[in-house]
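Down below is the structure, laid out as structure tokens.
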There are 2 protein chains.
Amino acid sequence: MSKSGEETRTRILKACWTLLEQGPDAPARMSDIARAAGVSRQAVYLHFPNRTELLIATTRFIDEASDIDERLATSRATTGGPARLDAYIEAWGNYIPVIHGVGSALMAMAATDEAARAAWADRMAAMRHGCDAAIQAIARDRRLRPGLDPVRATDLVWTLLSVRNWEHLVSDCGWTQDDYVSEIKRLARAAVVADTD
Amino acid sequence: MSKSGEETRTRILKACWTLLEQGPDAPARMSDIARAAGVSRQAVYLHFPNRTELLIATTRFIDEASDIDERLATSRATTGGPARLDAYIEAWGNYIPVIHGVGSALMAMAATDEAARAAWADRMAAMRHGCDAAIQAIARDRRLRPGLDPVRATDLVWTLLSVRNWEHLVSDCGWTQDDYVSEIKRLARAAVVADTD
DNA sequence: ATTCACGCTTGACACGGTGTCAAGGTAACT
DNA sequence: AGTTACCTTGACACCGTGTCAAGCGTGAAT
């Protein structure tokens, strides 16, 4: 792909990103995305085989543009189980608003499209690994709530940190991002960390 | 509507219900529903103006068939804030699997269809009232976690009890229904009830 | 200067799913 | 026999996705 080809590709990705960030009010059909990128509808299909792959490519584009790895590195570096859980919630919880637009679109496609389902499941599995690492750290510190299976603890934190819950609290209930993060931290601690604080 | 007309209508509603209960594998297009009901596709449109209205009617049909009011009456009758919260979680949490099929379909439509969005929002608002009543009862007992705004407490319980969370824990994580109910009870208590147990 | 390849545009089309329309059939009631 | 209510059949429009073929402009190689 030549320089101009690469340029067009990123213009499409940016257009897709900004369009999906507008929320569900702004339609993001292939023609809308093409128009927003200042390109013909067919040009989009020259770069991406279908809508699902465009959305998946957009998530990768956002990942790179937002330095998700760096964000998560902080939480990995944190020592001490409960503190590490906090750090992970902060890192992921503050990333949700960034990928929320594409995430919603991808989840909507997942209902009918196998590739979209797989792509989103993959991302969520990666997120789950982060939860699991935090739970392991807590277990090593012997701070896991007595009688709580580590797998189940991971399930719980994973669920609390879901994009849907963020949507529910921030979009539907009108919470601020900061309120969301701090309340989820508290809730996650209450869910999996032993009482003796 | 004559007797035979009413019969056909309920046959369509039952077909829609059972088809949606199969999950996302079984497609539930208008033609599928018609076939399952042993009726022509157009007959469906003679009873329901569009797919959204059919889904909404199906939720009402399920409500009546499942005596949701009776289920919730038990929780309303329970005295003592925390116990009432438990009872509500049990009532609603055990109702989720029943309406889950239609609920999913309706949520999927909500992405594009205003009427579907409104209908689902309405149901969720009703569910929220139940959460709020439990929180009020807890507040009356002076068992609300110190410093916790009652509205925010309702937001939290409402979020915990979302259909999406049920899906996540039961379908994705493989929890049993009983595990789901008891763990959510514990989590809700940890979220909003004062520690002094 | 001509040729060639590349990236893009234009305009057409197929397909699947929703919703609409018109005409006709059938059983029951009168 | 005639009317009415309910249903069927088959056609069609619309919208969004994805495909196809032909053509255009530009820059680089020869």
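Label positions at B:D25 and B:R142, each projected 7 Å from the Cα along the C-beta direction, are separated by 5.6 nm. To the nearest ten degrees, helix A:114-140 and the longest principal axis of the Cα atoms of chain A are 20 degrees apart.
Among the residues of A:98-108, the average count of other protein chain beta-carbon atoms within 10 Å of the residue beta-carbon is 1.
In chain B, the longest principal axis of the Cα atoms and the axis of helix B:3-21 are about 60 degrees apart.
Helices in chain A, meaning DSSP H runs of at least 4 residues, each add -39500 (n - 2.57). Divided by all residues, the mean residue ellipticity at 222 nm is -24500 deg cm²/dmol. On the beta carbon distance between B:D195 and B:D69, with R0 = 30 Å, the FRET formula returns roughly 0.30.
Measure nothing fancy, just the Cα-based angle from helix A:51-66's long axis to the longest principal axis of chain A, in degrees from 0 to 90, nearest 10. Once rounded, one gets 60 degrees.
Classify the range A:15-79 as rounded, prolate or oblate from the Cα gyration tensor: take a ≥ b ≥ c as the square roots of its eigenvalues, call it rounded if a/c is under 1.5, otherwise prolate when a/b beats b/c and oblate if not.
Prolate is the answer for the range A:15-79, as a/c is 1.5 or above and a/b outweighs b/c.
Note on B:157-165: average number of Cβ atoms from other chains within 10 Å of each residue's Cβ is 5. Per the accessible-area calculation with a 1.4 Å probe, the total area buried between chain A and chain B rounds to 2200 Å². Among B:T154, B:T74, B:T176, the largest mean-square fluctuation in a Gaussian network model of chain B (Cα springs under 10 Å) belongs to B:T176. Distances, shortest first, from the label point of A:A111 to those at the same position in the other copies read 0.6 nm; the point lies 7 Å along Cα to C-beta. The range B:82-128 and the range A:23-41 have Cα centres spaced 32 Å apart. Shape class of chain B from the alpha-carbon gyration tensor: prolate, with a/c at 1.5 or above and a/b greater than b/c.
Amide H to amide H distances under 5 Å link B:V193 with B:R145, where only residues 5 or more positions off or on other chains count and H is placed in the peptide plane.
For the range A:64-192, give the percent of accessible area contributed by carbon and sulfur heavy atoms, probe 1.4 Å, rounded to a whole number. Please list the in-between numbers first.
Numbers: 2790 of 5510 Å².
After summing per-atom areas, the C and S share lands at 51 percent.
For the options B:G38, B:G147, B:G81, a Gaussian network treatment of chain B with springs between C-alpha atoms closer than 10 Å singles out B:G147 as fluctuating the most.
Just checking the listed ones, B:C16, B:C131, B:C173: in the Gaussian network model of chain B with Cα springs under 10 Å, the one fluctuating most is B:C173. Each copy carries a label point for B:D179 at 7 Å from Cα along the beta-carbon vector; from one copy to the others these points are 3.3 nm apart, nearest first.
Kindly identify the protein assembly as shown as rounded, prolate or oblate by the Cα gyration tensor criterion: order the square roots of the eigenvalues as a ≥ b ≥ c, call it rounded if a/c is under 1.5, otherwise compare a/b with b/c, prolate if a/b is larger, else oblate. Verdict is oblate for the protein assembly as shown.
Between identical copies, the spacing of B:N50 label points, each set 7 Å from Cα toward the C-beta atom, reads 2.6 nm from nearest to farthest.
The values are calculated or read from the model by the stated rules, or taken from the named source; none is laboratory data. Everything quoted here is computed from the prediction, not taken from an experiment. We place every Cβ from the backbone using ideal geometry, glycine too, and count neighbours over all the protein chains shown. To get the accessible areas, we keep the full protein, side chains included, count just its heavy atoms, and leave off ligands, DNA and RNA. Shrake-Rupley method; radii C 1.70, N 1.55, O 1.52, S 1.80 Å.
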